[in-house]
Amino acid sequence: MQRQDYLTPAELAAWQPAREIPPPHRRSEPLIARLKDAGLWNGRQLAGRHWPIGCVSLEITQRCNLDCSLCYLSEYSEAVRDLPLEEVFRRIDMIYRHYGPNTNVQVTGGDPTLRERGELVKIVRRIREMGMRPCLFTNGIKATRELLSLLCDNGLVDVAFHVDMTQGRGGYRRERELNAVRRAYIERARGLPLAVYFNTTVFAGNFADIPEIVRFFRANADVVRLASFQLQADTGRGVLRGRAQRINPESVAGQISEGAGVELNFDVPLVGHPRCNRTAICLEANGNLYNLFDDPAFAMGILQRTAACDLDRRHRWKAIGSLLHAVLAHPDYWGQCAAFLGRKLWAMRRDVVEARGRVNKLTFFIHNFMDAARLEKERCETCVFMAATADGPLSMCVYNAKRDAHILKPLRIASDTGHRTWNPLAGRLPADGGKAAPPPASAANPAALPLRYLKGRTRQRMLEDRMLDDSAAPRGLSTCREANG
Ligand code: SF4
């Protein structure tokens with residue numbers, strides 16, 4: 001890849017969220033136009049065909065109860081107050097106006113479970129009431145069975161647990177040992193009307209363990225619906241930076257196939273840009289996986305004919321019913337469908353009998369986030385994963401690269417009692433006639449924040465400095481830094 005394919009600093013600074021709201025019947029057109037420009041609009045493409053956008057991330061807090069070594073958050077995040085509920089609701093409305101019903105809205109952060117519980121419930125309910133699909137993205141620490149049940153009652157559709165060795169969870173030395181945590185989370189969600197996902201950040205420390213993790217997901221496919229592998233990127237406050245050379249979408253696909261015990265096809269369907277997203281869909285019976293899309297021509301045909309299908313991820317039989325309904329509307333395709341099903345069932349017959357007819361669907365996803373300093377313009381333009389900013393949706397990779405500009409921006413908040421200016425580092429201010437409050441001195445330099453607000457690189461630097469000072473300085477002098485923490 002040539003250097004000129006990356007956004008220059010000036011282009012990045014000028015890159016703006018999408019402000020224009022498309023008319024309701026043309027919501028997919030902006031993305032389709034960009035995919036056409038990039039030569040990515042073809043029969044395999046789900047983006048623009050099944051939905052106007054893949055998903056939108058709604059960050060309802062910047063705070064987190066972990067300090068991952070590959071965290072995408074900002075050095076300022078722990079000091080940033082939670083967005084006022086009015087602003088979160090305004091962003092939910094904005095997401096709807098851009099992308100319409102059935103949009104996948106990731107309720108995320110930071111860790112969203114740190115938000116006041118009543119507010120979290122209201123946020124999930126609001127998304128669902130608008131006809132969109134709320135998904136809780138959490139490290140799981142505070143996502144108890146009770147909380148998950150409560151959120152289900154209020155319309156939660158999916159829960160995505162992030163578990164991996166970048167999180168530094170105490171007592172775990174290898175990725176495979178974290179299966180104990182994953183198992184506990186599965187039990188918390190078992191039986192709830194929820195689709196359960198797992199996110200794994202791939203880095204040098206767990207690349208070799210991917211097949212083992214996949215075998216774990218295989219064995220738990222009765223609950224786990226999707227396993228997403230997110231490749232390490234040099235962005236955010238995390239202390240680990242450059243990606244090991246051997247880690248790329250192809251090598252990770254190979255590791256997943258090894259764990260799956262079958263060669264998976266990651267080229268059908270397409271989800272936006274193939275350098276960003278790769279997906280493979282399998283059927284599971286009796287712990288064995290079968291590649292669902294081993295016949296690309298048939299797969300493309302069925303994907304196109306079911307594009308308008310509203311698949312209910314909470315209720316398997318409703319989803320199957322919707323699929324059948326869509327297929328029945330195309331009599332010209334019945335023969336091919338019957339032949340495909342016959343072939344699959346024949347290949348799976350022993351396992352289907354062993355599993356007493358129970359067959360599950362398991363999807364593997366590879367998400368190839370970009371380094372903040374190496375954003376490929378074409379991928380940013382065809383991005384299917386947006387962040388909901390105050391000004392509109394923005395490609396997640398671009399947002400991560402200029403996160404501070406968004407999360408530190410004072411906002412004017414409209415409420416029943418008039419307008420207020422809300423400063424992210426100082427919190428809500430009294431009604432002030434719309435004047436922005438001056439940012440605190442720490443807004444210019446995260447190292448000026450108290451140590452308790454710091455995570456990632458600045459914290460590590462400060463702790464290292466402190467250790468140096470402690471070893472060089474006479475006892476007692478280091479306490480001036482501790483006063484900062
Ligand atoms: S541009 Fe980044 S966030 Fe968007 S789809 Fe590609 S990798 Fe994902």
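The values are calculated or read from the model by the stated rules, or taken from the named source; none is laboratory data. The structure presented is a predicted model; accordingly, all values stated were derived computationally and were not measured. Here the Cβ is made from the backbone with ideal geometry for all residues, glycine too, and neighbour counts use every protein chain on show.
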Quiz item: Out of curiosity, is Arg420 modelled with pLDDT under 90, among the basic types (Lys, Arg) and more than 16 Å from the ligand (Cβ to nearest atom)?
Solution: yes
Quiz prompt | Contacts under 8 angstrom Cβ, first residue in segment 413-434 being aromatic (Phe, Trp, Tyr), partner part of a loop (DSSP other than H, G, I, E, B) and at pLDDT below 85, 6 or more apart | solution = Trp422/Leu429
Quiz item: Could we say that Ile407 is β-branched (Val, Ile, Thr) and not assigned by TED's automatic domain parsing to the domain that holds Gln106 here?
Solution: yes
Self-check item: Complete set of residues in segment 394-403 that are in contact with a helix residue (DSSP H, G or I) (Cβ under 9 Å, 6 or more places away or on another chain) and within 11 Å of the ligand (Cβ to nearest atom)
Solution: Leu394, Ser395, Cys397, Val398, Tyr399, Ala401
Self-check item: Criterion (farther than 26 Å from Ala204 by Cβ, among the hydrophobic types (A, V, I, L, M, F, W, C) and surrounded by fewer than 23 Cβ atoms within 10 Å (Cβ to Cβ)) met by exactly one of Cys55, Cys64
Solution: Cys55
Quiz item: Among the strands (runs of 3 or more DSSP E) contained in segment 286-393, which hold 1 or more residues that are within 16 Å of the ligand (Cβ to nearest atom)?
Solution: 360-367, 385-389
Quiz prompt | Residue that is surrounded by the most Cβ atoms within 10 Å (Cβ to Cβ) [pool: residues in segment 238-266 that are within 16 Å of the ligand (Cβ to nearest atom) and under 30 Å from Arg49 (Cα atoms)] | solution = Val252
Practice problem: Would you be able to say whether some residue in segment 290-298 is within 28 Å of Lys402 (Cβ to Cβ), touching an Asp or Glu at 6+ places or on another chain (Cβ under 8 Å) and free of Cβ contacts under 8 Å to residues at least 40 places away in the same chain? | Solution: no
Quiz item: Among the listed residues Ala431, Ala436, which satisfies the condition of being outside the structural domain of Glu20 (by TED's automatic domain parsing), at pLDDT below 90 and in contact with a Pro (Cβ under 6 Å, 6 or more places away or on another chain)?
Solution: Ala436
Self-check item: Flag if Pro269 is touching a helix residue (DSSP H, G or I) at 6+ places or on another chain (Cβ under 9 Å), within 16 Å of the ligand (Cβ to nearest atom) and modelled with pLDDT under 95
Solution: yes
Exercise. Look through segment 2-59, keep the residues that are in contact (Cβ under 8 Å) with a residue 60 or more places away in the chain and hydroxyl-bearing (Ser, Thr, Tyr), and return whichever of them is farthest from the ligand (Cβ to nearest atom).
Key: Tyr6
Quiz item: What are the residue pairs meeting all of these: first residue in segment 264-286, first residue under 17 Å from Met300 (Cα atoms) and among the basic types (Lys, Arg), second residue more than 16 Å from the ligand (Cβ to nearest atom) and modelled with pLDDT of 95 or more, Cβ atoms under 7 Å, and 6 or more apart or on different chains?
Solution: none
Quiz item: In segment 35-61, what residues are among the polar types (S, T, N, Q), closer than 28 Å to Asp164 by Cα and assigned to a strand (DSSP E or B)?
Solution: Ser57
Practice problem: Can you give me the number of residues within segment 155-212 that are surrounded by 16 or more Cβ atoms within 10 Å (Cβ to Cβ), of a type in the set (Gly, Ala, Ser) and either over 15 Å from Phe229 (Cα atoms) or in contact with a Cys (Cβ under 9 Å, 6 or more places away or on another chain) (or both)? | Solution: 4
Quiz prompt | Matching option when the condition is touching a His at 6+ places or on another chain (Cβ under 9 Å) and either touching a residue at least 40 places away in the same chain (Cβ under 8 Å) or part of a loop (DSSP other than H, G, I, E, B) (or both), among Cys64, Cys68 | solution = Cys68
Practice problem: Give the number of residues within segment 215-256 that are in contact (Cβ under 8 Å) with a residue 12 or more places away in the chain and either part of a helix (DSSP H, G or I) or under 13 Å from Thr363 (Cα atoms) (or both). | Solution: 21
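Which members of segment 227-237 meet the condition of being buried (at least 20 other Cβ atoms within 10 Å of the Cβ) and touching a Lys or Arg at 6+ places or on another chain (Cβ under 9 Å)?
Across segment 227-237, the qualifying residues are Leu231, Gln232, Ala233, Thr235, Gly236, Arg237.
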